[in-house]
Amino acid sequence: MTALEGYPVDAPALRGPVVFDQRWCDAAFLHWPVAADEVRRLFPAGTRPDVFDGRTYVGLVAFAMRSAGFGRLGAVPYFGSFLETNVRLYSVDDAGRHGVLFRTLDASRLAIVPFARALVGVPYVWSRLSCTREGARIDYGGRRRWPGRGPTSRVVLEVGEAVEPTPLETWLTARWGLHSRVLGRTWWTPNQHPSWPLREARAVRVEDQFVSAAGIRAAGQMLRPLFSPGVRTQFGVPRPL
């Protein structure tokens, strides 16, 4: 596709109850183009790489999870707040649902790792993560602890003014669900949130091993980084494809 005509720029309303409720704060978005044919093997049955103007992308997204909880019961103390850095690909299924496919989700809270892996089939890993801010500069650091100890990531951004996203940037950030593999089946888990309020950012330092550790090789230069102060998001009931 080359334009957003017909693309769901705004989140469809969730059908059924809210399963998870959380806030994503201080989010950094870094993206590189990748060859769709090279990553196709990573997608579960019933899904394929989503493409924009003939290309697909890998995202490195770092943020702070805040006030996560189940349904409408409110935030879970302590366990509901942690740092996360994820490596994600962009997926579409035969029903035309545009989502994300997580390759890894590095989390600073060990207790949620086995729970998320078993319940929703999301590949969480335990890492030492940091996020510090001084003025306009924000610094994200990470070192993986388990499983696959070793890979590191360091991203330092200089946050600038608010921007209107390009069509490609809208396509990359307006994603209303995730595809995953659980118990031999592919699942779709919908989510909803307001459009990301985005700011331009300058890359001061990008030294990342998380993307390559996920088995993904960039096929071009990094897009301009983006930053968002965050959104509140809600997830609905997972459904098999």
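The values are calculated or read from the model by the stated rules, or taken from the named source; none is laboratory data. Treat the numbers as computed from the prediction; the structure is a model and nothing was measured. Cβ sites come from the backbone with ideal geometry, for glycine too, and all protein chains shown count toward neighbours.
Numerical summary
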{"quantity": "Residue in the stretch 158-210 that is surrounded by the fewest Cβ atoms within 10 Å (Cβ to Cβ), counting only those that are of a type in the set (A, V, I, L, M) and in contact with a helix residue (DSSP H, G or I) (Cβ under 8 Å, 6 or more places away or on another chain)", "calculated": "V182"}
{"quantity": "Identity of the residue in the stretch 69-96, charged (D, E, K, R) and part of a strand (DSSP E or B), that ends up farthest from the chain's Cα centre (by Cα)", "calculated": "D93"}
{"quantity": "Unique residue being touching a helix residue (DSSP H, G or I) at 6+ places or on another chain (Cβ under 7 Å), outside any loop (DSSP other than H, G, I, E, B) and under 18 Å from N191 (Cβ atoms) when the list is G99, G59", "calculated": "G59"}
{"quantity": "Residue in the stretch 1-50 that is nearest to the chain's Cα centre (by Cα), counting only those that are over 24 Å from G71 (Cα atoms) and of a type in the set (D, E, K, R)", "calculated": "D50"}
{"quantity": "Selection status of V113, among the aliphatic types (A, V, I, L, M), at pLDDT below 95 and farther than 16 Å from L60 by Cβ", "calculated": "yes"}
{"quantity": "Residue in the stretch 35-43 that is basic (K, R), modelled with pLDDT of 95 or more and surrounded by fewer than 17 Cβ atoms within 10 Å (Cβ to Cβ) present", "calculated": "yes"}
{"quantity": "Residues being on the phi < 0 side of the Ramachandran plot and not in a strand (DSSP E or B) - total across the stretch 47-56", "calculated": "2"}
{"quantity": "Out of F29, F63, F82, sole residue that is modelled with pLDDT of 95 or more, touching a Cys at 6+ places or on another chain (Cβ under 7 Å) and of a type outside the set (D, E)", "calculated": "F63"}
{"quantity": "Unique residue being free of Cβ contacts under 8 Å to residues at least 60 places away in the same chain and of a type outside the set (K, R) when the list is G96, G46", "calculated": "G96"}
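Conditions (1) of a type outside the set (F, W, Y); (2) without any contact (Cβ under 8 Å) to a residue 40 or more places away in the chain; (3) touching a Pro at 6+ places or on another chain (Cβ under 8 Å), marked per residue:
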residue	(1), (2), (3)
Y140	no, no, no
R143	yes, yes, yes
R149	yes, yes, no
A162	yes, yes, yes
P167	yes, no, no
A174	yes, no, yes
L178	yes, no, no
W187	no, no, yes
